[in-house]
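K.L.:
Mind having a look at this structure? Questions to follow.
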Amino acid sequence: MRIHHLNCISSCPLGGRLMDGRTGGVFSRGRLCCHCLLLETEQGLVLVDTGFGLGDVRNPQARLSRFFLALLSPDFREEMTAVRQIERLGWSASDVRHIVLTHLDFDHAGGLDDFPAATVHLMRQERDQAVRQRTWLDRQRFRPQQWASRPRWRVYAADRGDRWHGMECVRTLDGLPPEIAMVPLAGHTLGHAGVALRTDGGWLLQAGDAYFYHQEMDLERPACTPGLRFYQALMEKDRSARLANQQRLRNLRRHHGADVRIVCAHDPVEFEALTGRPLGEPATLAGSTAPAGEFMASRSAPS
Ligand SMILES: [Zn+2]
């Protein structure tokens, strides 16, 4: 299975360095990615998360909340949407047959409408909480304006599945090869999940928003920038589950780091290390994934 890494529109949060840990000052805006994966499988193309889509680029005010537009000021360039990057790689939108979503936040679900031939796989609880629109923040983050695909959603309960490297209720998805599995990682949202992919070089786990900053996966001294710590606390639906799952991910790295590479959705350092290209560039055919062990080895090196 070949994997392509797409940054489907960067966010430029207030707080600069306090958010991403690397932008010059605290008064400039930071830069976070929206790390989506495009998989070439025998069942056609599979997209893991969709980032922001064409509708968001063309009419952000109609689709997204004013609160998050002000906070994150996404860099709305059409060429960075998943569909435009996929076309640039030589395919068309209809080649994408399946989409696996880590969760339904606006910055992960925005591209759903751009792939009318795709079945969308997500956790049942994620759909249920998003549709309920219970709190003010739920209405800002879960945007029904992005859900024209809803008749094609296929949902999964989080109460059964297999054990995988210490994670529970891991399951394969209908119509997809066994190399793709959903790994429940609740906390950020109630139905949040990671997506594990088995490649020739080992496993890749896209952990979505289970953590935001690469050093949170540091085994000796986990750390996070103050801005991203604040953002995660603001967005969490279940704090104890979120922190327990972060610990589970560190344990996964500790015990299986040689053959499981873990990445999250928004960390630019992980994205650039994995792809070897800057955040702002669309994917190229040369940029499919490197083997798992290599990256973990470089990350495990003492600093
Ligand atoms: Zn996110």
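The values are calculated or read from the model by the stated rules, or taken from the named source; none is laboratory data. Keep in mind it's a predicted model, so treat the numbers as computed, not measured. When we count neighbours, we look across all protein chains shown, and the Cβ atoms used for this are built from the backbone with ideal geometry, even at glycine. Calculation scope for accessible area: heavy atoms of the full protein, side chains included, ligands and nucleic acids excluded. Shrake-Rupley method; radii C 1.70, N 1.55, O 1.52, S 1.80 Å.
K.L.:
Roughly what % of DSSP beta bridges within the chain run antiparallel, to the nearest 5? Numbers along the way, then the final one.
P.N.:
Numbers: 27 of 42 bridges.
Once the DSSP bridges in the chain are tallied, antiparallel ones form about 65 percent.
K.L.:
Rounded, prolate or oblate: which one fits the stretch 1-146, using the alpha carbon gyration tensor with axes a ≥ b ≥ c (rounded when a/c is under 1.5, else prolate when a/b beats b/c, else oblate)? All intermediate terms of the calculation are to be shown ahead of the outcome.
P.N.:
Values: a/c = 1.89, a/b = 1.28, b/c = 1.47.
The shape class here is oblate.
K.L.:
For the stretch 85-194, state which chymotrypsin sites (Phe, Trp or Tyr not before Pro) are in a DSSP loop and have at most 16 other beta carbons lying within 10 Å of their beta carbon. Before the final figure, lay out the partial values.
P.N.:
Working: sites: Trp91, Phe106, Trp136, Phe142, Trp147, Trp153, Tyr156, Trp164; in loops: Trp91, Phe142, Trp147.
Here the sparse-neighbourhood loop sites are Trp91.
K.L.:
Is the shape of the stretch 1-74 rounded, prolate or oblate, going by the alpha carbon gyration tensor and its root eigenvalues a ≥ b ≥ c, with a/c under 1.5 for rounded and a/b larger than b/c for prolate?
P.N.:
Judged from the Cα gyration tensor, the stretch 1-74 comes out oblate (a/c at least 1.5, b/c at or above a/b).
K.L.:
Taking amide H atoms as placed 1.01 Å from N in the peptide plane, list the residues 5 or more away in sequence, or in a different chain, whose amide H sits under 5 Å from that of Arg143.
P.N.:
Phe106
K.L.:
What is the chain's relative contact order, in percent, from Cα pairs under 8 angstrom and six or more apart in sequence? Write out the running numbers ahead of the final one.
P.N.:
Numbers: 694 pairs, mean separation 56.7, N = 303.
Taking the mean separation of contacting Cα pairs over the length of the chain, I get 19 percent.
K.L.:
Here is a follow-up. Answer rounded, prolate or oblate for the stretch 61-156, using the Cα gyration tensor with square roots of eigenvalues a ≥ b ≥ c: rounded when a/c is under 1.5, else prolate when a/b is larger than b/c, else oblate. Show your work: numbers first, answer last.
P.N.:
Values: a/c = 2.54, a/b = 1.20, b/c = 2.12.
Oblate shape, in that a/c is at least 1.5 and b/c is the bigger or equal ratio.
K.L.:
Let me ask something additional. Show me, for the stretch 162-177, the HN-Hα J-couplings you get by feeding each phi into the Karplus relation (A = 6.51, B = -1.76, C = 1.60, θ = phi - 60°), rounded to Hz, glycine and proline as x.
P.N.:
10, 8, 9, 6, x, 9, 9, 6, 7, 9, 7, 10, 4, x, 10, x
K.L.:
With just the Cα atoms defining each centre, how far is the stretch 86-154 from the stretch 21-52? Give it in Å.
P.N.:
15 Å
K.L.:
Follow-up question, since we're still on this one. Beyond 15 Å, what share of the Cα-Cα pairs of the stretch 240-286 remains, rounded to the nearest whole percent?
P.N.:
On the way: 636 of 1081 pairs.
In whole percent, the share of Cα-Cα pairs in the stretch 240-286 beyond 15 Å is 59.
K.L.:
Remind me, relative contact order of the stretch 126-241 in percent, using alpha carbon pairs under 8 angstrom and six or more residues apart? Let's see the in-between values first.
P.N.:
On the way: 146 pairs, mean separation 19.9, N = 116.
The normalised contact order for the stretch 126-241 reaches 17 percent.
K.L.:
Here's a follow-up. Quick one: divide the alpha-carbon radius of gyration of the stretch 126-203 by 2.2 N^0.38 Å and tell me what you get.
P.N.:
Values: Rg = 14.5 Å, N = 78, 2.2 N^0.38 = 11.5 Å.
Normalised Rg, Cα atoms only: 1.26.
K.L.:
Which value, in Å², gives the accessible area per residue of the chain when a 1.4 Å probe is used on the protein heavy atoms?
P.N.:
Numbers: 12090 Å² over 303 residues.
Value returned for the chain: 40 Å² of accessible area per residue.
K.L.:
Follow-up. For the chain, what does -39500 (n - 2.57) per DSSP helix run (n ≥ 4), summed and divided by total residues, give at 222 nm, in deg cm²/dmol to the nearest 500? Please list the in-between numbers first.
P.N.:
Values: 12 runs with 91 residues, N = 303.
About -8000 deg cm²/dmol.
K.L.:
Can you pull a Stokes-Einstein diffusion coefficient for the stretch 96-149 at 4 °C (1.567 mPa s), Rh from Kirkwood over Cα pairs, as a whole number of µm²/s? Walk me through the numbers on the way to the answer.
P.N.:
Numbers: Rh = 11.4 Å.
Translational D for this selection: 114 µm²/s.
K.L.:
Could you give each residue of the stretch 76-92 its phi-based ³J(HN,Hα) in whole Hz, using Karplus coefficients 6.51, -1.76, 1.60 with θ = phi - 60°, and x for Gly or Pro?
P.N.:
For the stretch 76-92, the Karplus-derived couplings read 6, 10, 4, 5, 8, 5, 4, 5, 5, 5, 5, 5, 5, 7, x, 10, 10 Hz, x marking Gly and Pro.
K.L.:
Can you check how the C-alpha radius of gyration of the chain compares to 2.2 N^0.38 Å, as a plain ratio?
P.N.:
Numbers: Rg = 17.4 Å, N = 303, 2.2 N^0.38 = 19.3 Å.
Normalised by 2.2 N^0.38 Å, the Cα Rg of the chain equals 0.90.
K.L.:
Can I ask one more? So what's the stretch 101-253 giving for Rg/Rh, alpha carbon basis, Kirkwood Rh from the mean inverse pair distance?
P.N.:
On the way: Rg = 15.4 Å, Rh = 16.1 Å.
Rg/Rh: 0.96.
K.L.:
Related question: Any idea which of Ala286, Gly191, Val83 is furthest toward the positive side of the dipole for the chain, if Lys and Arg beta-carbons carry +1 and Asp and Glu beta-carbons -1?
P.N.:
Gly191
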